[in-house]
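The values are calculated or read from the model by the stated rules, or taken from the named source; none is laboratory data. Everything numeric here is computed off the predicted structure, so don't read it as measured data. Positions of Cβ are generated from backbone atoms using ideal geometry, with glycine treated the same way; all protein chains shown enter the neighbour counts.
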Amino acid sequence: MATILIVDDDRALRDGLAETVTDLGHTALPVASGSEALARLGEGPVAAVLLDLRMPGDLDGMATLERIRALPEPPPVTVLTAFASPANTIEAMRLGAHDHLTKPIGRADLAAVLDAMLRDARSDPVGAAPPPDHPVLIGSSAGMRKVQKTIGLVADNASTILVQGETGTGKEEVARALHAFSRRRARPFVPVNCAAIPAEALESELFGHVRGAFAAATADRAGAFHEAQGGTLFLDEIGDMPAAMQAKILRVIQDGVVTPLGGRPARVDVRLVAATHRDLPALVAAGGFRADLYYRLNVVPITLPPLRERLADIVPLAEHFLVPSGKRLSGGAASRLLAYEWPGNVRELRNVVERAAMLVRGGVIAAEAIDLPAARLDRRGEDGAADWLAGDLPNRWRARASSPACDGAARIGAAPSVGRGIAAG
């Protein structure tokens with residue numbers, strides 16, 4: 001039996017959680033605010049904390065989490081919220097939350113998270129200032145929530161990250177979020193597309209050169225590694241990097257030293273994030289990519305799911321892209337978007353939505369304004385998509401988020417409405 005501190009300003013939700021925690025064989029300590037929670041922690045240790053995100057007063061859930069994690073021996077904390085967004089998911093994990101769950105939470109899920117907190121409690125406080133406002137990865141689907149949590153867990157780590165996913169899934173946005181939520185955010189973020197630079201120019205682009213190093217070198221030039229000093233270097237499409245450059249990148253990762261063409265070695269402090277749409281293990285097996293470089297890059301892998309596997313994210317993404325135009329989707333237009341396979345992923349969705357916004361004079365985009373190839377429509381069936389969109393568009397996410405859990409699990413902490421889950425930093 002363990003003592004579980006429950007922090008929620010809603011009495012009904014607090015009591016419901018306390019009852020379930022007690023039924024699971026633990027002792028529940030319910031309190032109504034972040035200040036009460038900190039006062040209780042000052043009286044003696046607790047085994048774990050269930051913390052509501054949105055609470056009135058000076059100490060909301062995130063501020064309370066930061067204070068708890070700064071304690072000498074902080075208990076594990078799981079954040080519970082009916083208003084999950086990519087930004088608060090990433091930030092909660094970055095500040096040291098054990099997990100970040102969306103209300104309503106099922107009894108089985110609550111039991112599982114309590115067991116995990118009690119088994120795998122961490123005692124390494126994470127102190128960091130909150131990140132600036134920054135638009136991050138949009139999406140509340142299970143796949144994107146996993147990506148957001150991983151970003152929060154590793155943002156302040158120096159390990160190399162390998163982002164994998166189909167073309168157009170948003171790999172650079174993952175890299176930018178890793179940078180924006182890290183302690184390096186005040187330093188530069190430098191993106192380099194390895195596939196877009198000729199092989200003979202890539203070394204100079206990355207490492208720089210001194211005047212006279214080659215015929216066209218009329219002045220000294222700092223390479224991308226030096227430009228990203230103290231910050232993050234993003235190497236996009238690294239699977240297309242020539243073999244000779246792969247060996248040199250491997251050396252930089254191992255030694256942290258960069259040698260400009262014609263110049264002297266210099267140490268650099270750069271967080272490296274690489275990305276590719278290629279199957280690197282298959283390339284390694286075929287001899288097209290160095291195995292040792294692959295293992296150096298693949299310290300923390302992040303895989304972005306294709307948009308066709310992110311049904312819950314399609315309309316929120318479309319609405320986000322429509323914000324500058326001030327226009328909105330009709331139910332029929334949203335249904336048409338949901339029925340399409342999106343081989344070009346988020347990039348294709350953005351193009352389709354922005355084109356419709358330009359060509360429609362009124363404020364509402366009808367289904368016929370969504371120009372999509374007929375051959376790739378109806379994979380899900382527009383009737384099924386329409387059923388999923390039943391109700392007016394502003395409220396459809398609330399209906400979906402508050403639907404019963406699979407297998408009929410009881411839900412705890414159900415709120416009257418649930419936020420749309422669109423990211424806004």
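Considering only residues of region 117-151 that are over 24 Å from Glu319 (Cβ atoms) and among the small types (Gly, Ala, Ser), which is modelled with the highest pLDDT? For region 117-151, the residue satisfying everything is Ala121.
Within region 24-53, if we keep just the residues that are assigned to a loop (DSSP other than H, G, I, E, B) and of a type in the set (Gly, Ala, Ser), the residue that is farthest from Glu91 (Cα to Cα) turns out to be Gly25. Pairing each residue of region 239-258 that is assigned by TED's automatic domain parsing to the domain that holds Leu202 and surrounded by 13 or more Cβ atoms within 10 Å (Cβ to Cβ) with any residue that is among the basic types (Lys, Arg) and in a loop (DSSP other than H, G, I, E, B), provided the two are 6+ apart or on different chains, yields C-beta distances under 6 Å for Gly239/Arg278; Gln246/Arg290. Filtered by the rule that a residue be surrounded by fewer than 22 Cβ atoms within 10 Å (Cβ to Cβ), part of a loop (DSSP other than H, G, I, E, B) and under 20 Å from the mean Cα position of the chain (by Cα), region 54-84 gives a lone residue, Phe83. Restricting attention to region 77-99, the residues that are in contact with a Leu (Cβ under 8 Å, 6 or more places away or on another chain) and without any contact (Cβ under 8 Å) to a residue 60 or more places away in the chain total 8. Of all residues in region 318-344, those being crowded, with 23+ Cβ neighbours inside 10 Å and within 17 Å of the chain's Cα centre (by Cα) number 0. All of (1) at positive phi; (2) surrounded by fewer than 19 Cβ atoms within 10 Å (Cβ to Cβ) hold for Leu311 with one exception: (1).
Residue check: is Glu203 among the acidic types (Asp, Glu), within 24 Å of the chain's Cα centre (by Cα) and surrounded by fewer than 21 Cβ atoms within 10 Å (Cβ to Cβ)? No; evaluated as a whole, the condition is false for this residue. For region 318-424, no helices (runs of 4 or more DSSP H) sit wholly inside it while including 1 or more residues that are of a type in the set (Phe, Trp, Tyr) and modelled with pLDDT of 95 or more.
Residue count for region 262-305, restricted to those that are assigned to a strand (DSSP E or B) and touching a residue at least 24 places away in the same chain (Cβ under 8 Å): 11. Within region 85-116, the set of residues being among the aliphatic types (A, V, I, L, M), modelled with pLDDT of 90 or more and over 21 Å from the mean Cα position of the chain (by Cα) comprises Ala108, Leu110, Ala111, Ala112, Leu114. Collect the residues in region 285-296 that are surrounded by 17 or more Cβ atoms within 10 Å (Cβ to Cβ) and over 18 Å from Val154 (Cβ atoms), keeping them in residue-number order. Once the filter is applied, which keeps residues that are surrounded by 17 or more Cβ atoms within 10 Å (Cβ to Cβ) and over 18 Å from Val154 (Cβ atoms), region 285-296 yields Phe289, Arg290, Leu293, Tyr294.
Return yes or no: is Ala18 of a type outside the set (S, T, N, Q), in contact with a strand residue (DSSP E or B) (Cβ under 8 Å, 6 or more places away or on another chain) and not in a helix (DSSP H, G or I)? No: the conditions fail for Ala18. Only a single item in (1) without any contact (Cβ under 8 Å) to a residue 24 or more places away in the chain; (2) of a type in the set (Val, Ile, Thr); (3) crowded, with 16+ Cβ neighbours inside 10 Å is not met by Val46, and it is number (1).
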